[in-house]
1. List every residue whose amide H lies under 5 Å from the amide H of ALA88, counting only residues 5 or more places away in sequence or on a different chain, with H placed 1.01 Å from N in the peptide plane.
2. Please report the spacing between the Cα centers of the range 80-131 and the range 2-27 in Å, no decimals.
3. Rounded to the nearest 0.05, what FRET efficiency is calculated for ARG135 and ASP49 with R0 set to 30 Å and r the Cβ-Cβ distance?
4. May I ask for the net charge around VAL219, where only other residues with Cβ less than 9 Å from the Cβ of VAL219 are counted and Lys, Arg are +1 while Asp, Glu are -1?
5. How much length would be gained if the chain were fully extended between GLU237 and HIS177, taking 0.36 nm per residue of separation minus their Cα-Cα distance, in nm to one decimal?
6. Summing Lys, Arg as +1 and Asp, Glu as -1, what charge do residues with Cβ under 14 Å from the Cβ of GLY75 carry, GLY75 excluded?
7. Please identify which residues in the range 215-246 have an amide N closer than 19 Å to a label point set 7 Å out from the Cα of ASP14, following the Cα→Cβ vector.
8. What's the FRET efficiency of ALA91 with ARG229 using the Cβ-Cβ distance as r and R₀ = 41 Å, to the nearest 0.05?
Amino acid sequence: MGLWLLGTSGAVPDSQRDYVSLVVEDAGRLILIEAGGSPFHLLRRAGWDPLSLEGVFVSHRHPDHLNGLPLLLMGLWLQRRTRPLWIAGPADALERARALLELFEWRSWNGMFPIEWRPVPLEYGASVEAEGPIRLIAAPVSHSVPTLALRIEFPEGAVVYSADTEPCPTMIRLASHADVLIHEATGDYPGHTPPEGAGRIAREAGAGRLILVHVPPDVDTEQWEAHARRLFDGPVEVGRDGMRIW
């Protein structure tokens, strides 16, 4: 049981970072969070079998969070997957995902496995997945398009992932007393958060640890961590691709 960062970059990756994504694992059962870049490759590189995926959560419709979905499904199909896969996220994001898949005529793939679409309402505490010991709970945050942050509750504690957002009260509420807050730190742009803003969210939420993701290309990690530490006195680290969080 655990959670890993597969990618940690924002919309512009660099030589060390791929688009932000995470994987949750429980007894070999995998849930992918975000589907930018090449999710099949990222899972393989981290040592996971993509055929073990139970579901995919997409926080919003922007390309760096969604553009790898057709390749992921094609890879699973070519590996002869037969059991269903659920795909969850805001209805707006799922509509864009369907449109993207239609460009590749995915319905004509012979023997294609079933997809269970799970639109998640834009309301605090919406359930994404509640089977087994791990629960995924969503809440809307402040971005340029409908976006859901995610709270991942393990039996021993909780990890919260902000997705793309400006600092907002919902993030403080969702991250309340989380053991780990994984918060975007793109910079001071509309719909995004600078590292010191992520530090303030972590402090006000009472989070135990802060991991910065969705960072700009070739980021100065020491500088980004120092900015966050101005407002949060707990452990702070810029996330790395392949890093285990829980």
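Computed from the coordinates by the stated procedures, all read-outs in this text should not be read as laboratory data. All values reported here derive from a predicted model rather than from experimental measurement. No Cβ is skipped: glycine too gets one built from the backbone with ideal geometry, and neighbour counts run over all protein chains shown.
1. Correct list: VAL56, PHE57, VAL58, ARG118.
2. After rounding, the separation between the Cα centres reads 20 Å.
3. 0.80
4. Result for the local shell: -2.
5. Between GLU237 and HIS177, full extension yields 19.8 nm more.
6. Spelling it out: positives minus negatives among the neighbours equals +3.
7. Under cut-off, by backbone N: 215-229, 237-243.
8. FRET efficiency, ALA91 to ARG229: 0.60.
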